[in-house]
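K.L.:
Could you have a look at this structure, given as structure tokens, before my questions?
The values are calculated or read from the model by the stated rules, or taken from the named source; none is laboratory data. Since the structure is predicted, the reported quantities are computational estimates derived from the model, not experimental observations. In this analysis, Cβ positions are derived from the backbone assuming ideal geometry, glycine residues included, and neighbour counts consider all displayed protein chains. Heavy atoms of the whole protein, side chains included, go into the accessibility calculation; ligands, DNA and RNA do not. Shrake-Rupley method; radii C 1.70, N 1.55, O 1.52, S 1.80 Å.
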Amino acid sequence: QAAIATVAALFLLWAVWAQGKRRVAGPLPLRNTPTAFGRVSRYAHWVIGTLILILLPMGLFTSVLAADHPERGVFMATHQALGLTVLLLVVLRMAWLGQSPAPPMRIDLQPWQRQLARATHVSLYVLMLGFPVTGILLTAWRGDSLDVYGWSVTGLLAPNEQLAGGVAVLHNLVLPAVFYLAIFMHLGAVTKHHFGERRQLDVRRMLR
């Protein structure tokens with residue numbers, strides 16, 4: 001997971017550099033338009049994606065630290081706070097899309113391509129919500145305190161080792177595996193449109 005996150009981080013660094021070199025023809029609107037995403041959607045997209053790429057290796061690193069390691073609490077508190085940030089941003093982004101719908105898909109897409117694109121996007125939203133929700137449940141059922149931006153919250157749920165074990169498998173193994181598959185499909189489609197079909201405008205709907 002750390003290796004995958006490293007490759008993704010390097011890609012993001014390259015993307016930032018490439019975007020910084022591009023000239024902007026005009027001001028970017030706040031709301032989404034029929035042909036491109038607006039400023040709010042673009043910022044939310046890249047901030048959430050970056051936070052998730054930070055959270056995955058951080059969670060993996062925290063899980064291998066001994067329970068009595070002096071720095072484990074700090075890593076876990078940071079992981080929880082960032083996870084709650086992702087949850088808040090995803091909920092706000094979904095609310096924003098209700099007020100400012102995303103640009104429609106190309107009319108020349110095949111039905112199976114439309115269905116696959118919708119399934120991938122729905123899966124990503126489910127995963128972005130699933131990670132923090134299962135993290136909260138895991139913390140509560142373990143009887144641990146939840147760090148909410150510096151405040152320690154306890155007693156959300158009664159401790160339950162059996163439920164904690166089940167949700168731990170979901171949070172630590174199942175969701176990451178599905179997430180990598182969904183991201184692979186998402187990036188594969190972006191690469192195909194940009195380099196294979198030479199449809200740069202499709203990709204730039206979410207870029208500068």
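K.L.:
Have a look at 107, 136, 48 and tell me which one the Gaussian network model of the chain (Cα, springs below 10 Å) gives the largest fluctuation.
P.N.:
It is 107.
K.L.:
Here's something else I'd like to know. Suppose each label sits 7 Å from its Cα in the direction of the beta carbon; what would the residue 35-residue 169 distance come out to in nanometres?
P.N.:
Inter-label distance under the simple model: 5.1 nm.
K.L.:
For an R0 of 30 angstrom, estimate the FRET efficiency from the Cβ-Cβ distance between residue 125 and residue 68 and round to the nearest 0.05. Numbers along the way, then the final one.
P.N.:
Working: r = 37 Å, r/R0 = 1.24.
That pair, residue 125 with residue 68, gives E of 0.20.
K.L.:
Under Stokes-Einstein, with the Kirkwood radius over Cα pairs standing in for Rh, what whole-number D in µm²/s applies to segment 45-87 at 10 °C and 1.306 mPa s? Mind dumping the intermediate values first?
P.N.:
Details: Rh = 10.7 Å.
D = 149 µm²/s.
K.L.:
What is the helix-to-structure angle for 72-99, meaning the angle in degrees between its Cα long axis and the longest Cα principal axis of the chain, kept from 0 to 90 and rounded to the nearest 10?
P.N.:
40
K.L.:
For Rg and Dmax of the Cα atoms in Å, which listed value, [x] 20.0, 75; [y] 20.2, 71; [z] 19.0, 57, comes from the coordinates shown?
P.N.:
[z]
K.L.:
Using a 7 Å offset from the Cα along the Cα-to-Cβ direction at both residue 108 and residue 3, what is the distance between the two label points in nm, to one decimal?
P.N.:
Between residue 108 and residue 3, the label points sit 3.9 nm apart.
K.L.:
Note the angle between two axes, namely the Cα long axis of helix 111-142 and the longest principal axis of the Cα atoms of the chain, as a number of degrees from 0 to 90, rounded to the nearest 10.
P.N.:
The angle comes out near 20 degrees.
K.L.:
How long is segment 17-96 along each principal axis, judged by its Cα atoms, biggest number first, in Å?
P.N.:
Rounded to whole Å, the extents work out to 54, 31, 14 Å.
K.L.:
Highest mean first, how do 27-36, 166-175, 75-84 rank when packing is the count of other Cβ atoms within 10 Å averaged over residues?
P.N.:
Numbers: 27-36: 12.7, 166-175: 16.3, 75-84: 18.7.
With the highest mean Cβ count within 10 Å placed first, the list reads 75-84, 166-175, 27-36.
K.L.:
Between helix 39-64 and the chain, what is the angle of the helix's C-alpha long axis to the longest principal axis, kept within 0 to 90° and rounded to the nearest 10?
P.N.:
The angle comes out at about 30 degrees.
K.L.:
Take every Cα-Cα pair in segment 61-131 and report what % of them are more than 14 Å apart. Please report the intermediate quantities before stating the final value.
P.N.:
Working: 1806 of 2485 pairs.
In whole percent, the long-distance tail amounts to 73.
K.L.:
Find the accessible area per residue for the chain; the probe is 1.4 Å, ligands and nucleic acids are left out, and the unit is Å².
P.N.:
62
K.L.:
Taking the convex hull of the alpha carbon atoms in segment 92-131, what volume per residue do you get, in Å³?
P.N.:
Details: hull volume 2.4 nm³, N = 40.
Once divided by residue count, the hull of segment 92-131 is 61 Å³.
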